[in-house]
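The values are calculated or read from the model by the stated rules, or taken from the named source; none is laboratory data. Computed from a prediction, not measured in an experiment: that's the story for all the values here. Reconstructed Cβ throughout: ideal geometry from the backbone, glycine too, with neighbour counts over all protein chains shown. Accessible surface is based on the protein model in full, side chains and every heavy atom, while ligands, DNA and RNA are left aside. Shrake-Rupley method; radii C 1.70, N 1.55, O 1.52, S 1.80 Å.
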Amino acid sequence: MKIVIAIPARIGSTRFPRKILAPILGKPMIQWVFEGASQSKLATDIVVATDSEEIQEVVTGFGGTAIMTPSELQSGTDRVYYAIKDMGYDLIVNLQGDEPLIRGDILDSVISELLITDADIVTPYKTSRNTEEIFDENRVKIVADNKNYALYFSRSVIPFDRERTGRVMYKIHIGIYGFKKESLARFVSLKNSKLEKIEKLEQLRALEFGMRIKLVEVDYDSVPVDVPEDILKVEEKLKRSF
């Protein structure tokens with residue numbers, strides 16, 4: 001069984017250009033992500049899929065593997081597929097390049113579920129009642145059925161606590177996706193969907209076209225880097241862990 005963790009790393013970013021190379025306590029962010037992925041006990045390979053020769057040089061410089069991909073690819077998932085489609089992997093984990101706090105056990109939770117599930121995709125979440133997280137549009141919320149298959153993802157607060165009980169435990173999505181080989185090939189062949197365009201969430205494409213997404217709860221206080229201010233939050237957490 002060949003299992004790869006693939007990290008899409010685009011040099012451009014609307015809100016935070018060149019964030020993949022942003023320094024975090026003396027190391028570029030992509031190195032933190034790669035080293036976190038390297039803690040996985042189940043993955044057989046780790047690759048960075050990039051459109052930047054500069055990123056490729058940085059990755060090879062710290063001993064990683066980077067594969068060049070066309071800059072015009074629409075999404076990180078497209079970039080991952082382009083990089084690994086001819087490499088014979090059975091399972092593929094798409095790990096965003098802006099998750100510098102990622103740990104190997106989180107990725108292994110996704111892989112473990114992927115090995116046994118009948119779903120097309122596996123993705124993790126954490127539960128929270130933190131108001132700041134719940135109302136942050138960059139923190140995607142999920143509603144699921146009683147077997148923990150995703151029903152919907154949204155930047156809005158879902159489910160809506162109409163009676164203001166304060167007792168609702170929200171599922172906060174973590175941007176990691178595990179695919180079976182055939183599921184990834186199918187996903188990238190689909191056209192951008194209506195809901196995907198509205199919410200700017202590509203996982204909605206899978207749901208709209210009938211693909212099943214299994215959710216896995218993990219204990220992970222994710223701090224994805226969306227804007228420069230997030231670097232400080234990541235550094236604070238890293239300092240506390242030393």
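Which residue, of L95, L21, L73, is without any contact (Cβ under 8 Å) to a residue 24 or more places away in the chain, touching a helix residue (DSSP H, G or I) at 6+ places or on another chain (Cβ under 8 Å) and among the hydrophobic types (A, V, I, L, M, F, W, C)?
Values: L95 fails: without any contact (Cβ under 8 Å) to a residue 24 or more places away in the chain; L21 fails: without any contact (Cβ under 8 Å) to a residue 24 or more places away in the chain.
Just one listed residue meets the conditions, L73.
Quick check: anything in segment 76-91 of a type in the set (S, T, N, Q) and free of Cβ contacts under 8 Å to residues at least 40 places away in the same chain? Outline the logic, then answer.
At the first step, the residues of segment 76-91 found to be of a type in the set (S, T, N, Q) are 77.
This time we only want the ones that are free of Cβ contacts under 8 Å to residues at least 40 places away in the same chain, so: none.
No.
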For residues in segment 120-141 being among the polar types (S, T, N, Q) and not in a helix (DSSP H, G or I), which is modelled with the lowest pLDDT?
N138
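Would you be able to tell me the number of residues in segment 17-34 that are among the β-branched types (V, I, T) and assigned to a strand (DSSP E or B)?
1
For segment 74-86, which residues satisfy the criterion of being touching a strand residue (DSSP E or B) at 6+ places or on another chain (Cβ under 9 Å) and part of a loop (DSSP other than H, G, I, E, B)? Even if it seems obvious, please write down each step before you answer.
Here is the first cut: in segment 74-86, the residues touching a strand residue (DSSP E or B) at 6+ places or on another chain (Cβ under 9 Å) are 75-84.
Hit for segment 74-86 is S75, nothing else.
To keep it simple, each residue is scored yes or no on (1) in contact with a strand residue (DSSP E or B) (Cβ under 9 Å, 6 or more places away or on another chain); (2) assigned to a helix (DSSP H, G or I).
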position	(1), (2)
I5	yes, no
R15	no, no
I46	yes, no
A49	yes, no
V59	yes, yes
G88	no, no
G97	yes, no
D108	no, yes
D118	yes, no
Those residues of segment 140-160 which are out of contact with any Leu (no Cβ under 9 Å at 6 or more places or on another chain) and open to solvent by less than 30 Å² (accessible area, probe 1.4 Å), in sequence order
K141
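Taking segment 30-44 only, how many residues are of a type outside the set (S, T, Y), open to solvent by 40 Å² or more (accessible area, probe 1.4 Å) and in contact with a strand residue (DSSP E or B) (Cβ under 7 Å, 6 or more places away or on another chain)?
To start, the set of residues in segment 30-44 that are of a type outside the set (S, T, Y) comprises 30-37, 39, 41-43.
Okay, now just the ones that are also open to solvent by 40 Å² or more (accessible area, probe 1.4 Å), so 35, 39, 41-42.
If we keep only those that are in contact with a strand residue (DSSP E or B) (Cβ under 7 Å, 6 or more places away or on another chain) as well, we get 42.
Looking only at that region, the number is 1.
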Filter result (open to solvent by less than 30 Å² (accessible area, probe 1.4 Å), more than 22 Å from V110 (Cβ to Cβ) and among the polar types (S, T, N, Q)) within segment 51-80
S52, T69
Residues of segment 147-182 being among the polar types (S, T, N, Q) and under 23 Å from L195 (Cα atoms), in sequence order, are N148, S154, S156
I67 passes all but one of the listed conditions (1) touching a helix residue (DSSP H, G or I) at 6+ places or on another chain (Cβ under 8 Å); (2) in a strand (DSSP E or B); (3) within 22 Å of I172 (Cα to Cα); (4) of a type in the set (A, V, I, L, M, F, W, C); the exception is number (3)
Considering only segment 9-26, I want to know if a residue exists there that is open to solvent by 20 Å² or more (accessible area, probe 1.4 Å), within 18 Å of L115 (Cβ to Cβ) and of a type outside the set (K, R).
no
If a residue must be without any contact (Cβ under 8 Å) to a residue 60 or more places away in the chain and more than 19 Å from Q96 (Cβ to Cβ), how many such residues does segment 129-176 contain?
27
